[in-house]
Amino acid sequence: MWGLDSAKFETVGAIPGGGVSIKPFMSPNQLLILFFFFFFFISASRSILQIPTIPQFPCNSPQYNQYPFCNTSLSIATRAKSLISLLTLQEKIQQLSNNASAIPRLGIPAYEWWSESLHGIATNGPGINFNGTMPSATSFPQVIVTAASFNKTLWSKIGSAIATEARAMYNYGQAGLTFWAPTVNLFRDPRWGRGQESPGEDPMLVSAYAIEYVNSFQSGKWGGEGGDDGFLFGEKRALKGEGDESDDDEGLMLSACCKHLIAYDLEKWKNFSRYSFNAVVIVPILIVVTEQDMQDSYEPPFRACVEQGKASCLMCSYNQVNGVPACLREDLFQKARDKWGFKGYITSDCDAVATIHFYQNYSKSPEDSAADTLKAGMDINCGTSMLRYTQPAIDEGKVREEEIDRALFNLFSVQLRLGLFNGNPRKGRFGKLGPKDVCTSKHKTLALEAARQGIVLLKNDKKFLPLNKNDVSSLAIIGPLANNVSQMGGGYTGTSQ
């Protein structure tokens, strides 16, 4: 019981049954002001002291950590199967969206699969939040610039730096663990509009970049030491070692996703859009994307992502290839798993499942789209189509619960490899990462170095440059981005200092 300070109250009269009533000197408005004062004081104190908001995590208490899927001595496969066996059908379906629902009875919180990290932590994905202790992250040059350095060591260090900041933000509840980058589509037509995301037009260069980014991002081993700025750009990479093979159950610092599978390089042009584009050539007759096109151009970057980069995610694209939606390419999904050794999950691009019916009119119903993508080997839908139409598809006999279990096995296996079911992340291997590891001087120096190394010089015919200041008195920078600072970082940019 709290005591009363007589100096702060006044007696206003007797009350029936004995005793007196008391009245505070402070009015309701004054109390409200005092409440807001303490609220903002506490909020400011948390910010100043950088008290972390620990993300919600499974296996959090004795009530829940006794389940087999929390037992770290068991294999990843055993734990994943155990978790699936405990779920109801409706709980299973609720896991098939990027915004996976919580399972309160098992102590499993909701999880957002969609975060972005193309050239730094980006604001695009709902899994990212810059409103916490870390209001910004290091922004590196767009990939088309970085790739022009032709420097594998640089690419690897950038991947590691982004991973360090991503995991630090996760520890403070500001990011997820699954990031949908890099983009490894070939940039062969400037009308695409998103060429800045791609390493370029050459399959060999794009493949090499994919390997370095994915390998360093998922392993997160930061190796830059020495020198004033902490980077020696010629030293051997501090990764697992050349040629090392990853064990299926090996832990991940983060999950990288190679996108967009496959033959994807159009957003909107004339009557075509990315939602209904069919990757064929018309000159002037219909010519299919040949097997040689696939083997020589479109597949190599994705194959390199999987075979050498060990990517734990692939994203299927909106477009069709030779009349078949990319997210229904069972043959390609099976090739990735059986021939390339892919061990991870396959997500759709956002609303790509819906486009199969509503934009492309390929399937007869949205239930068919949900069923057919699951049967083709896709595991999760960015969007709500699977949430809405999977149950009706099951009721109509178009898909079986076993096919959902297969998808969940791939999803939970990746989460388990990330340590999501290992208890408090602040006590784990990467638990010490925090604000001190974001926007560091080393990372800023690395970003500047990447910009310098990626600069491409034009041929200076007739000594056009440098401009003669006596002949040129003024310059005009013209265009919609001339003075738009928020857009100068390019697509998939975060909040930088």
A 1.4 Å probe over the protein heavy atoms gives the range 375-497 a carbon and sulfur accessible-area percentage of 55
Largest first and rounded to whole Å, the semi-axes √(5λ) derived from the alpha carbon gyration tensor of the range 51-131 read 26, 16, 13
Quotient of Cα radius of gyration and Kirkwood radius for the range 356-455, i.e. Rg/Rh, equals 1.23
Per the 1/(1 + (r/R0)^6) rule, R0 = 56 Å and r from the Cβ atoms of Gln66 and Ala482, FRET efficiency to 0.05 is 0.35
For Glu291 the rounded accessible area (nearest 10 Å², probe 1.4 Å, non-protein molecules ignored) is 110
Other residues with Cβ under 11 Å from the Cβ of Ile54 give, with Lys and Arg +1 and Asp and Glu -1, a net charge of +2
For the range 406-497, inverting the pair-averaged 1/r of distinct alpha-carbon atoms gives a Kirkwood value in Å of 19.3
Summed over the other residues with a beta carbon less than 15 angstrom from that of Thr373, with K and R at +1 and D and E at -1, the charge totals -2
The alpha-carbon center of the range 154-206 and that of the range 299-365 are separated, in whole Å, by 18
XL table Lys343/Lys436; Lys259/Lys339; Lys81/Lys427; Cα-Cα > 22 Å flagged, in table order, is Lys343/Lys436; Lys81/Lys427
Neighbours of Tyr213 by Cβ distance under 11 Å: Lys/Arg at +1, Asp/Glu at -1, summed charge +1
With 0.36 nm assigned to each residue of separation and the Cα-Cα distance removed, Lys432 to Arg105 gains 114.7 nm
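The values are calculated or read from the model by the stated rules, or taken from the named source; none is laboratory data. If you're wondering where the values come from, they're calculated on a predicted model, not measured in any experiment. Please note: Cβ atoms are built from the backbone with ideal geometry, for glycine as well, and neighbour counts cover all protein chains shown. Protein only, heavy atoms only, side chains kept; ligands, DNA and RNA dropped before computing areas. Shrake-Rupley method; radii C 1.70, N 1.55, O 1.52, S 1.80 Å.
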